[in-house]
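Rule-based calculations on the coordinates, nothing more; no lab input. Note that the structure is predicted; figures quoted are calculated from it, not measured. With ideal geometry, Cβ positions are generated from the backbone for all residues, glycine too; neighbour counts draw on all protein chains shown.
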Amino acid sequence: MEVIIQPNQEAAAALATRILARELRDNPNLVLGLATGQTMECVYRHLVRLHQIEKLDFSLCRTFNLDEYVGLFPSDPNSYRYYMNHHLFRHVNIDLRNTYLPNGLADDLDEECRRYEATIQRLGGIDFQLLGIGKAGHIGFNEPLSALQSRTRVKALTPTTLRQNCAGFGGEDKMPRRAMTMGVGTILESRRCLLLATGSSKAKVIAQAVEGPITSMISATALQLHRRATVIVDEAAASNLVEKDYYRWIFENEPEWEDYR
Ligand code: F6R
């Protein structure tokens, strides 16, 4: 795992976007795993700008989102399909038929989860997975005690997540209590993972995820097992990390990051 500390949220999102954009330029057929949430809005804004200004091309890429609420129509502004269309897809030259999210309205949700996994496999697996982190440590909606080998499935949301995400629904009691999410195992199979976290509200969980012991109570700790996981944080989210100076030294000195400094 590598940790990169940036001065603020804007710089952290800009760096994440540059890393992603390079992957896409190197491989226009990229299979891209996407996340939603407030943190990602900034990344999608940067990606749209790169498309408009530098003609970053999405025409051949395929995308898989990490998760979707159970029971919401795609036209519902709280659905993740709506979020993706609104923040990214309709602003870039992506073919919507190449954008996949779990169908939270499927009659048979378990079958839909199996189908989602099979589609990821059929398209060759995920090349690059973008991730955010919840305040209690989830990636996707892999809530505490998600098995480290779990696959796409339905998960009940924790009180922390309901509280974190209820704003748009007009209250916790009005939001779905379940979501479909790629499993921790699904995420670990992607070839590269990039987790972005910003703001002081993520400081505690970032320290646990990066420097704490691997535990299914905090699914983001599983990224310590991944061969190529990069964590980008701003100063606020980095504030509880013990080895900050070491991470900074690596970013400033290792040739791999030369183009990004
Ligand atoms: C959503 C997802 C979640 C979020 C996480 C952080 O698709 O995968 O794991 O990334 O809850 O959300 P924000 O950025 O709103 O704090």
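Assign unit charges at the C-beta atoms only (+1 for Lys and Arg, -1 for Asp and Glu), then state the dipole size of the chain relative to its Cα centre in Debye, rounded to the nearest 20.
For the chain, the charge dipole is close to 320 debye.
Collect residues whose amide H, placed 1.01 Å from N in the peptide plane, falls under 5 Å from the amide H of ASP234; neighbours closer than 5 in sequence don't count.
GLN6, ALA197, GLY199
Determine, from the Cβ-Cβ distance of ARG97 and LEU148 and an R0 of 35 Å, the FRET efficiency 1/(1 + (r/R0)^6), rounded to the nearest 0.05.
0.60
When the label point is put 7 Å from the Cα of ASN240 along its Cα-to-beta-carbon vector, which residues of region 194-218 have a backbone N closer than 15 Å?
197-215, 217-218
Going by how many other Cβ atoms sit within 10 Å of their own, how do PHE169, PHE64 line up, fewest first?
So the residues, fewest neighbours to most, are PHE169, PHE64.
Restricting attention to region 20-101, which trypsin sites (Lys or Arg not before Pro) occupy a DSSP loop and are surrounded by at most 14 other Cβ atoms within 10 Å?
LYS55
Which residue fluctuates most in the GNM of the chain (Cα springs below 10 Å): ASN142, ASN98, ASN65?
Between ASN142, ASN98, ASN65, it is ASN98 that shows the largest mean-square fluctuation.
What distance in nm lies between label points placed 7 Å from Cα along the C-beta direction at ASP108 and GLN52?
4.5 nm
What nm distance separates the two modelled labels at GLU254 and MET217, each placed 7 Å from Cα along Cα→Cβ?
Going by the 7 Å Cα→Cβ label model, 2.9 nm.
Please list the non-local residues whose amide H lies under 5 Å from the amide H of ARG191, H modeled 1.01 Å from N, same-chain partners needing a gap of 5 or more.
Those qualifying (amide H under 5 Å, at least 5 residues apart or on another chain) are ILE126, ASP127, PHE128.
Report ³J(HN,Hα) in whole Hz for each residue of region 218-231, in order, from the Karplus equation J = 6.51 cos²θ - 1.76 cosθ + 1.60 where θ = phi - 60°; Gly and Pro get x.
3J(HN,Hα) across region 218-231, in whole Hz: 10, 4, 5, 5, 4, 5, 4, 8, 7, 6, 9, 10, 10, 10.
What is the distance in Å between the Cα centroid of region 164-205 and that of region 38-53?
If we compute the Cα centre of each part, the gap is 19 Å.
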